[in-house]
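These notes are about the structure you will find just below.
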Amino acid sequence: MKSPPLYCEFSRTSLKLLADHTGAEFSLDREADGRLTPACRERLLPGLRQFLHTAGLPAKSAAWCAIDGRGVALRCLRLPAVSGEALARVVRLQIESEFPLPPEALAWGFRSLGEPQRQPDGSTQQTVLVAAVKKEVVEDYASLLAAAGIAPAFTLAALARAALGNQPPDGCATLELSPAECELAVVGPQGTASLRVLPGLEPAGTAMDFLVKVIRSQGLLPKLYVFGDHRAGPELARQLAPEVACEFIPINPGPGRSSATLGLRELAARPGSQRLTLGVPIAAAPKTLAPPALMEWGLRAALLLLAVLLFPVLEALIMTAPLAAKVNTFQDRARQVETTVDRDLDFLQYVKQSQPPCLESLYVISQAAPSGIHLDSLTMNRRGEVALRGSLRTGDQVAEFRSKLMASSFFASVTVEEQTPTPDHQKVNIRLTAQWKALSVLQSLAVGPAVKESGDATNRPGEAASAMAGPGASAKPALGGAATAPPGPQTNAVKPPGGTN
Amino acid sequence: MRALSAQEKRTIRYASIGIGIYLVLFGGYAMGGALHRRTAAYQQLLTAAADLKQQLKPYDDRGLMAEKLMKQFQLDPAKLSRATVVGEASAQLQKAAASSGIQVGPIRESTTKASARELATLQFEGSGPIAAILGLFQRLQTLGYPVIVDAVQITPDPMRPGQIKLNLTLVILDFDQWKKEDKSHA
């Protein structure tokens with residue numbers, strides 16, 4: 001374990017700081033409830049920062065901090081032999097049941113005392129030393145140190161100074177003597193623990209008697225290590241003898257030097273030493289965004305920004321060659337498609353536009369033909385020339401026939417080249433020529449039988465042809481007979497502009 | 001070797017910094033220019049791809065239109081063979097006429113000028129009832145061959161009352177002429 005470079009002790013009246021080669025001591029002013037006053041905090045902050053600077057310590061230096069025993073509950077608990085997180089859960093349950101405050105309101109910690117021992121009933125149990133203090137006490141100190149750039153871990157001063165004595169791990173007894181107050185900590189091998197803050201040794205008479213009485217009440221102590229004011233030491237040892245053996249451990253005076261800070265340093269130097277750390281519940285920990293997280297997020301944001309800026313360049317570097325190949329391929333294919341599609345479409349459109357409207361022409365002629373017409377010949381060609389020979393009953397019918405053909409808008413011109421009455425004046429023989437309008441115009445006319453005529457008039461083109469089929473094929477039978485034939489130009493099922501007769 | 005004086009060290013340091021700055025600036029400028037050229041070329045490619053897309057966009061419609069006409073005429077120009085199209089069209093015409101109920105008469109075939117877009121001319125004669133004649137007209141467009149009616153003559157059939165006689169002149173188009181046009185355009 002890496003030892004922290006800084007050791008602190010919060011006593012009632014002072015804060016001691018001890019680094020490797022330097023130390024400092026600050027006086028503390030407290031409120032009535034024991035918290036540091038705001039003025040004291042303001043005074044301490046620059047001093048702490050200056051000390052860190054002087055000691056050459058970096059920001060966020062780790063520190064072990066010892067707190068005095070005021071308000072601290074110290075107990076030994078016998079628990080089932082479990083370890084790790086299971087032990088922490090068991091201790092938490094015990095705190096809930098045995099301590100006056102819930103674990104959430106406490107800063108608490110624990111460490112095992114000795115090895116687990118098998119019980120007569122076959123179970124294995126271990127002794128755990130538990131310390132707890134109101135979390136406000138620890139948070140008060142922690143916030144001060146954090147503001148100064150120190151990351152503290154808290155323990156008890158009484159347990160820290162025990163490291164200076166040669167004591168077994170499962171038991172210790174320490175006494176800190178000072179004129180203001182004394183602190184007696186006893187962790188007995190019998191599974192008992194206590195931490196008491198007693199009046200100071202002034203005036204000596206009454207206080208010494210009370211102190212001796214309290215120490216004797218703790219039962220059989222293996223050895224008592226005494227720190228602090230050694231002037232009362234010989235008298236105390238005389239009064240406690242022979243039941244309790246006292247050993248005085250001198251502390252060389254100096255800035256930041258105390259039994260607690262030196263004990264912390266001894267603990268840090270002793271490999272494998274167990275330390276009881278007072279932890280603040282996570283939910284109560286101050287929620288601040290640590291600088292490393294800010295750095296990390298800043299780095300991510302910078303990387304993201306860099307990626308955004310570099311993306312077009314990277315895209316160009318990576319995608320140019322594949323895109324060029326793809327574009328070339330598509331250009332070849334496009335030329336091929338253009339050639340094929342254009343050629344096929346031109347050809348098909350030529351086929352469509354070159355088809356003469358023969359059926360439509362027959363339809364228009366049949367619509368315009370008066371009753372009794374007899375056709376001898378009907379000729380049409382692709383150039384739109386229509387020639388018709390036949391006979392009508394009267395000259396009026398000839399004029400009417402011609403007028404209707406013109407009114408159909410299908411023909412650009414209609415010429416009756418010859419009309420000759422027969423010698424018996426029963427008929428008029430005619431020879432008629434006509435010219436279709438341009439195919440593009442005819443296509444826009446949409447000549448053909450109307451939808452309502454589809455039942456019978458779809459075959460009207462047959463009327464013109466039936467007129468030439470002779471008496472055996474009159475128009476009516478022709479229509480009836482054509483009912484099974486393919487219909488006329490139904491796709492253009494719109495009346496001609498000239499109307500039907 | 002003689003130890004450098006502080007002034008010489010400072011001069012060397014400044015010179016090194018200056019050369020370093022020059023190299024960074026020059027290298028950055030050169031690299032920036034290369035990257036800019038590459039990016040510009042990529043943008044040109046993107047523009048070419050967009051133009052190609054625009055160029056091909058009308059061919060969606062033209063392709064659909066060609067497909068519609070192919071369905072309408074039941075004609076696929078790619079399958080037409082110049083060597084066999086006349087014979088196949090003639091056979092198909094006779095088949096359509098017979099199935100329409102027309103009594104097929106003589107059929108005459110003549111070639112046309114090579115320079116024209118027409119491959120051959122068919123003269124068809126037949127007779128039948130009116131409905132059959134109209135049906136044949138209707139089927140001419142769906143023979144599956146590029147056949148265009150050149151001339152029609154309808155007369156009564158004196159031998160069979162109630163029947164009419166049809167004299168039909170058809171032109172068969174030469175698709176290869178369109179291919180040649182494309183090549184000449186290319």
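Observations on the structure shown:
- Inverse mean reciprocal Cα-Cα distance (Kirkwood Rh) of the protein assembly as shown, Å: 37.6
- Kirkwood hydrodynamic radius over Cα pairs of region B:1-73, then Stokes diffusion coefficient at 25 °C and 0.890 mPa s, in µm²/s: 135
- Region B:98-179: trypsin sites (Lys or Arg not before Pro) falling in loop per DSSP and having at most 10 other Cβ within 10 Å: B:LYS113
- Positive-end residue, the protein assembly as shown charge dipole about Cα centroid, Cβ charges, pick of A:GLN274, B:ALA40, A:TYR225: B:ALA40
- Distant-in-sequence amide H partners of A:GLY228 (H built 1.01 Å from N, under 5 Å): A:LEU177, A:ILE251
- log₁₀ of I(q)/I(0) at q = 0.16, 0.21 Å⁻¹ - region A:289-354, Debye sum with one point per alpha carbon: -0.75, -0.89
- For A:LYS134, distant residues with modelled amide H under 5 Å away: A:ALA107
- Cysteines, the protein assembly as shown, no other Cys beta-carbon under 4.7 Å: A:CYS40, A:CYS76, A:CYS172, A:CYS182, A:CYS246, A:CYS358
- For residues of B:29-37, the mean tally of beta carbons on other chains within 10 Å: 1
- For residues of A:377-384, the mean tally of beta carbons on other chains within 10 Å: 5
- Computed over the protein assembly as shown, the per-residue total of -39500 (n - 2.57) for DSSP H runs of n ≥ 4 gives a 222 nm mean residue ellipticity of -14500 deg cm²/dmol, rounded to 500.
- Straight-line cross-link reach from B:LYS68 at under 16 Å between alpha-carbon atoms covers these aspartates and glutamates, not counting any fewer than eight positions away in the same chain: A:ASP342, A:ASP344, A:ASP346, B:ASP60, B:ASP76.
- Three-way shape call for region A:336-455 based on the alpha-carbon gyration tensor, with the a/c threshold at 1.5: prolate
- Here region A:228-281 is assigned +1 on the Cβ of each Lys and Arg and -1 on the Cβ of each Asp and Glu. Its dipole about the Cα centre then comes out at about 260 debye.
- Taking the Cα centre of the protein assembly as shown as reference, the dipole from Cβ charges on Lys and Arg (+1) and Asp and Glu (-1) amounts to some 1020 debye.
- 5 angstrom amide H check on A:LEU28, placed H, neighbours 5+ away: A:SER14, A:LEU15
- Simple spin-label estimate for A:MET208 and A:THR420 gives 17.3 nm between the two label positions (7 Å along the Cα-to-Cβ direction from each Cα).
- In this label model, B:GLN153 and A:GLN349 are separated by 3.6 nm, measuring between points 7 Å along each Cα→Cβ vector.
- Range of Cα positions in region B:77-181 per principal axis (Å), largest first: 49, 23, 17
- Computed over region A:1-59, Kirkwood Rh from alpha-carbon pairs, angstrom: 12.4
- Residue pairs, from the table B:LYS79/B:LYS179; A:LYS16/A:LYS60; B:LYS95/B:LYS165; A:LYS326/B:LYS57; A:LYS16/A:LYS223; A:LYS135/A:LYS223, whose Cα atoms sit over 21 Å apart: A:LYS16/A:LYS223; A:LYS135/A:LYS223
- For region A:68-114, dividing the convex hull volume of the Cα atoms by the residue count gives 93 Å³ per residue.
Any read-out appearing in this document is the output of simple, stated calculations on the displayed coordinates, not a laboratory observation. If you're wondering where the values come from, they're calculated on a predicted model, not measured in any experiment. Methodologically, a virtual Cβ is constructed for each residue, glycine included, from the backbone with ideal geometry; neighbour enumeration extends over all protein chains shown.
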